[in-house]
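Can you keep this structure in mind? I'll have questions shortly.
What follows draws every value from the coordinates through simple rules; no lab data is involved. Given the structure is predicted, the values throughout are model-derived calculations rather than measurements. Glycine also receives a Cβ, built like all others from the backbone with ideal geometry; neighbour counts cover every protein chain displayed.
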Amino acid sequence: MKILQNLNSPIPIILASKSPRRAQLLQDLGVIFEVIHKSVDESFDIHLSPSDALKQIVEAKLSAFINESENSLVICADTMVALENQIFGKPQNEEEAFQFIQTLSGKTHQVFTGVGIQFKDYKKYFFEKTDVTFRNLEKEEINFYIQNYQPFDKAGAYGIQEWIGHIGIEKINGSYTNVMGLPTQSLFIELKNIMAHFSQLK
């Protein structure tokens with residue numbers, strides 16, 4: 001298929017993430033890629049907006065792959081959950097996970113995913129925002145989810161594709177895959193444009 005050939009040729013692609021959800025979403029786009037993960041300091045200035053904080057983290061991740069980006073197109077991403085300017089990262093334990101979800105319960109929060117793309121001297125950053133509304137969740141429902149799904153690797157302590165999303169989310173406004181950790185529609189357009197650009201330079 002010509003579209004997939006354009007995405008996968010002639011530049012090798014690296015997904016700089018250990019997230020199985022991001023890998024699956026990128027694979028679902030029909031992209032051929034290699035997963036390489038490096039530990040990066042993901043701290044950020046707490047006074048920044050979620051979009052600017054994400055940019056700081058994504059740029060740190062891209063900097064760790066500066067050598068790889070000489071020969072491969074590197075994609076990295078990071079996701080944050082925010083409610084009234086409070087950022088919810090990954091919970092450290094069950095107590096914090098419960099606190100996160102209980103705070104989000106009955107409210108509309110925002111999920112931001114920042115994406116960085118780097119190849120040679122080319123660098124692009126973009127982010128996407130999705131509004132997510134939870135119904136009022138019962139304590140037993142929150143505890144059941146945490147104990148059975150262990151959402152400690154997820155921003156905001158939940159995965160929209162999991163049980164809590166099926167029974168708890170009333171509506172979303174924006175990209176569903178963005179909440180999962182990778183805004184696939186926007187990324188697909190970016191990759192098409194990049195591949196077309198570098199193909200013309202050959």
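Which residue, Ile117, Ile142, Ile14, tops the fluctuation ranking in a GNM of the chain built on C-alpha contacts under 10 Å?
Ile142
Pop the C-beta distance of Ile66 and Ile46 into the FRET formula with R0 = 25 Å and round what comes out to the nearest 0.05.
On the way: r = 27 Å, r/R0 = 1.07.
Approximately 0.40, to the nearest 0.05.
Right, something else. Any idea how far the Cα center of region 155-195 sits from the one of region 61-130, in Å?
12
Out of every Cα pair in the chain, what percent are spaced more than 21 Å from each other? Intermediate values should be presented prior to the final figure.
Details: 10682 of 20301 pairs.
Across the chain, Cα pairs with separations above 21 Å total 53 percent.
Give me the one-decimal nm value for the distance between modelled label points at Gln99 and Phe188, 7 Å along each residue's Cα-to-Cβ direction.
About 4.0 nm, to one decimal.
Right, something else. Might you report the magnitude of the Cβ-based charge dipole of the chain about its Cα centre, with Lys and Arg at +1 and Asp and Glu at -1, to the nearest 20 debye?
Using Cβ point charges on Lys, Arg, Asp and Glu, the chain gives about 780 debye.
Another one. Please build a GNM for the chain, connecting alpha carbons under 10 Å apart, and tell me which residue among Gln118, Gln147, Gln110 fluctuates the most.
Of Gln118, Gln147, Gln110, the Gaussian network model singles out Gln147 as fluctuating most.
When we measure straight from the Cα of Lys124, which aspartates and glutamates land under 18 angstrom away, once same-chain ones fewer than 8 places off are left out?
In chain and number order, the partners are Asp52, Glu59, Glu68, Glu70, Asp78, Glu190.
Further, regarding this structure: Relative contact order (percent) for the chain, with alpha-carbon contacts under 8 angstrom and 6 or more residues of separation?
Numbers: 350 pairs, mean separation 44.6, N = 202.
Computed over the chain, the figure is 22 percent.
Using only Cα atoms and rounding to the nearest 10 degrees, what angle (0 to 90) does helix 139-149 make with the longest principal axis of the chain?
The angle comes out at about 40 degrees.
Determine the alpha carbon to alpha carbon distance for each of Lys107/Lys192; Lys123/Lys171; Lys38/Lys139; Lys55/Lys154; Lys90/Lys171 and list only those over 30 Å.
Details: Lys107/Lys192 36 Å; Lys123/Lys171 34 Å; Lys38/Lys139 37 Å; Lys55/Lys154 18 Å; Lys90/Lys171 22 Å.
Among Lys107/Lys192; Lys123/Lys171; Lys38/Lys139; Lys55/Lys154; Lys90/Lys171, the Cα-Cα distance tops 30 Å for Lys107/Lys192; Lys123/Lys171; Lys38/Lys139.
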